[in-house]
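The structure appears below as structure tokens.
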Amino acid sequence: MLEKLFGKKTVVVAGSISDRIATLQSRQIPAHVAIIMDGNGRWAKQRNLPRIAGHHEGMKKVRVITRIANDLGVKVLTLYAFSTENWKRPKLEIDFLMKLPGEFLSTYLPELIEQNVKVEMIGNFDMLPSHTKTAISKAMEETKHNDGLTLNFAMNYGSRLELVESVKEIATLIADGSIQPGDIDEALIGSHLMTAHLPEPDLLIRTSGEVRLSNFMLWQLAYAEFSFTNVLWPDFDEVCMLNAIEEFQLRNRRFGSVEGNGDV
């Protein structure tokens, strides 16, 4: 079981990155890939660097993985950038993390626009510092008409809070008579989540060897394939991403049925 979780069953494809991409594109590419970017602090500690150095290095990998996801034809890439629980971290680290969106977007926004990438965000926007909100809002506004890859940042996001807020919205609709309790079904709940306009993730990747969801997209990941790797996020590169997609394509996705829907 653990071998399956950690992706021991893989296909080794010879050739360049472009050759491997072409091979992968001949099979099913996951429409939505979600990544828990973990291990920045440990990466820095291994090098006797402050934790913020790991976060800065991890920011660079967002660009790398966004490019390869776009090249593969992934439709949505959701990155767990900052959780509602991360506010418990030291203030210095939080302040640095809140500056990263501005640095990343000010540096790479022209490239994202050129690549037809659309920037979006899920999470509690109002609680973010004003400079963080300004950077994200600017990127969302300037890319809103792009129709390529959606780069979706989960920022100040917590899945349990998301579910609580969706229940409140539905309760309000019942209270004002817009719907009846019997109208509640999975589709209705899904329509009140922050990801209502996005397809559910096909593949979840978590780096750094941790094997848990950490309050990330608990509803949406119900039928996603999981890929856990010991690679720390700052070391996660194009080859690691291609390996995860290859692993995904080996899975027999049955969605609760006996027979699978093919070799993916």
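Both radii are taken from the alpha-carbon atoms of the stretch 129-196; with Rh as the Kirkwood radius, Rg/Rh is 1.09. Working value for the stretch 109-264: equivalent-ellipsoid semi-axes of 28, 25, 16 Å, each the square root of 5 times a Cα gyration tensor eigenvalue, largest first.
Computed from the alpha carbon positions, the gyration tensor of the stretch 70-133 leads to an equivalent ellipsoid with semi-axes of 25, 14, 10 Å, biggest first. A Gaussian network model of the chain, with springs between Cα atoms under 10 Å, assigns the largest mean-square fluctuation among S83, S214, S227 to S214.
Heavy-atom accessible surface of the chain, averaged per residue, reaches 50 Å², computed with a 1.4 Å probe. Residue-normalised convex hull volume from the C-alpha trace of the chain: 150 Å³ per residue. Here's the picture: charge each Lys and Arg Cβ at +1 and each Asp and Glu Cβ at -1 in the stretch 60-137, and of G123, L92, T107 the one pushed furthest to the positive end of that dipole is L92. Centroid-to-centroid, using Cα positions, the stretch 26-69 and the stretch 148-184 are 29 Å apart. Simple point charges give the picture: +1 on the Cβ of Lys and Arg, -1 on the Cβ of Asp and Glu, and for the stretch 58-153 a dipole about the Cα centre of about 260 debye.
When only C-alpha pairs under 8 Å and at least 6 residues apart count, what is the relative contact order of the chain, in percent? Over the chain, the number comes to 28 percent. The value obtained for the stretch 1-141, namely the Cα convex hull volume divided by the number of residues, is 158 Å³ per residue. Computed about the Cα centre, the dipole magnitude for the chain is approximately 940 debye when only Lys and Arg (+1) and Asp and Glu (-1) carry charge, each at its Cβ.
A simple rule links phi to the HN-Hα coupling: the Karplus curve 6.51 cos²θ - 1.76 cosθ + 1.60 with θ = phi - 60°, which for the stretch 228-234 gives 10, 10, 6, 5, 6, 3, x Hz, with x for Gly and Pro. Note on the chain: with neighbouring protein chains present and a 1.4 Å probe, carbon and sulfur make up 54 percent of its accessible heavy-atom surface.
The values are calculated or read from the model by the stated rules, or taken from the named source; none is laboratory data. Note that the structure is a prediction, hence the values are computed from the model and not measured. Cβ sites come from the backbone with ideal geometry, for glycine too, and all protein chains shown count toward neighbours. Surface accessibility is based on the protein's heavy atoms, side chains included, excluding ligands, DNA and RNA. Shrake-Rupley method; radii C 1.70, N 1.55, O 1.52, S 1.80 Å.
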